[in-house]
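What follows is a short report on a single structure.
Just so it is clear, none of the values below were taken in a lab; they were calculated from the coordinates. Quantities reported herein were computed from a predicted structural model and do not represent experimental measurements. A quick note on method: Cβ atoms are made from the backbone with ideal geometry, for glycine too, and the neighbour counts reach across all protein chains shown.
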Number of protein chains: 2
Amino acid sequence: MSESLEKQKLKPNKRKVEMTEVEWEIMRIVWDKEPCAAGTVQEELARLKKLHSGSPGKAYSTIKTTMDRMVEKGFLQIEKVRNLQLFKSCISEVDAKHREFRKMLKRAFDGALTPMMQFLIEHEGISKDEASQLRELVQRSEEKSEK
Amino acid sequence: MSESLEKQKLKPNKRKVEMTEVEWEIMRIVWDKEPCAAGTVQEELARLKKLHSGSPGKAYSTIKTTMDRMVEKGFLQIEKVRNLQLFKSCISEVDAKHREFRKMLKRAFDGALTPMMQFLIEHEGISKDEASQLRELVQRSEEKSEK
DNA sequence: TGACATGTTCGACATATATAGAATACTATC
DNA sequence: GATAGTATTCTATATATGTCGAACATGTCA
């Protein structure tokens, strides 16, 4: 038995886990409706798709397969109720946003916030309105950390 | 001959073009050193990799294959000098940052800036210092758009 | 109890991405 | 002009992702 342990690998799964576009779409529904079945997600997605682009939306099995894979990735978990699978999120919306933001920051701005802000102001055409809003936010946050 | 033309598709290529992590790494080098050969990029990448993580870096053919694909995607272009291929970027650093930022914004914040800022302040631990910096930036930008 | 609706599991295929060895071409030089 | 170095092109593998149909299981209700 001692030998067999050495090479035991049991899926390192330490691989970079990124959330793809479709996965984000699914997560949004799950956060909104969890715990929910794959069918619910599929229908809701189809509804939204038709609403926004007129196109028909993906097949149930497509969504189900993707959601099963998301369980392996650690984004979702399954809770069985009789023969029904209910999906719940394993990662909070805040956490997902955090990851997505940090990934972008690392890629495009070397991980630093200030250069990003600089960029926003110089190139993203922050409007006067947006800038004012922003200033308010910042001031409020300063006040909060004041006390 | 007339028949063969009908099915001519010539690569729609209207597909979503995202820049992957490896591609970002390559682009950073190209922006820095363009026009430059694939070998140059490969060596520089290997140098950086060894510097930061001790690991050996990817093979020349890996980088070359990836760069060729990036030409198809419209990120790079080739300029031939005798039998040598020199790569140049087709997309500016600013543009790439823009895309990456917008992609994140769309995914995680429904495309809106203010919620993102809110999030930063609430969850990303913007420090008092950073907030002040930010306020300065914003004010400067407001002044600029004033005149 | 048996047909129907709904859910789950399997397997399949296309394309994208990451990776790299092998075969081939070109150039300068001894 | 044969040869050693580079660079380029070709080919191949593994894994990830997007997409689905078909087969199978189960609960419901007339």
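Taking amide H atoms as placed 1.01 Å from N in the peptide plane, the amide H of B:Leu76 lies under 5 Å from those of B:Val71, B:Cys90, each 5 or more residues away in sequence or on another chain. Distances between placed amide hydrogens fall under 5 Å for B:Cys36 paired with B:Phe87, all partners being 5 or more residues away or on another chain.
Spin-label model, B:Ala59 to B:His123: label points 7 Å out along the Cα-to-beta-carbon direction sit 4.2 nm apart.
For peptide B:94-106, how many partner chain Cβ atoms fall within 10 Å of a residue's Cβ, on average? Intermediate results must be reported in sequence, preceding the final value.
Details: counts 4, 1, 2, 10, 4, 1, 6, 11, 2, 5, 9, 4, 2.
Average per residue, whole number: 5.
Taken residue by residue and averaged, Cβ atoms of other chains lying within 10 Å of the Cβ of B:110-116 number 3. Under the rule a/c < 1.5 gives rounded, and otherwise a/b versus b/c splits prolate from oblate, where does segment A:21-89 land using the Cα gyration tensor? Prolate is the answer for segment A:21-89, as a/c is 1.5 or above and a/b outweighs b/c.
Each peptide among B:115-121, A:32-38 gets the average number of other Cβ atoms lying within 10 Å of its residues, and from highest to lowest they stand as B:115-121, A:32-38.
List the GluC sites (Glu not before Pro) in segment A:36-131 that DSSP assigns to loop (not H, G, I, E or B) and whose Cβ has at most 12 other Cβ atoms within 10 Å. Which are they?
Numbers: sites: A:Glu43, A:Glu44, A:Glu72, A:Glu79, A:Glu93, A:Glu100, A:Glu122, A:Glu124, A:Glu130; in loops: A:Glu124.
Here no GluC sites (Glu not before Pro) fit, given the DSSP loop and packing criteria.
Label sites at B:Val17 and A:Thr114, each approximated as a point 7 angstrom past Cα along Cα to Cβ, lie 3.4 nm apart.
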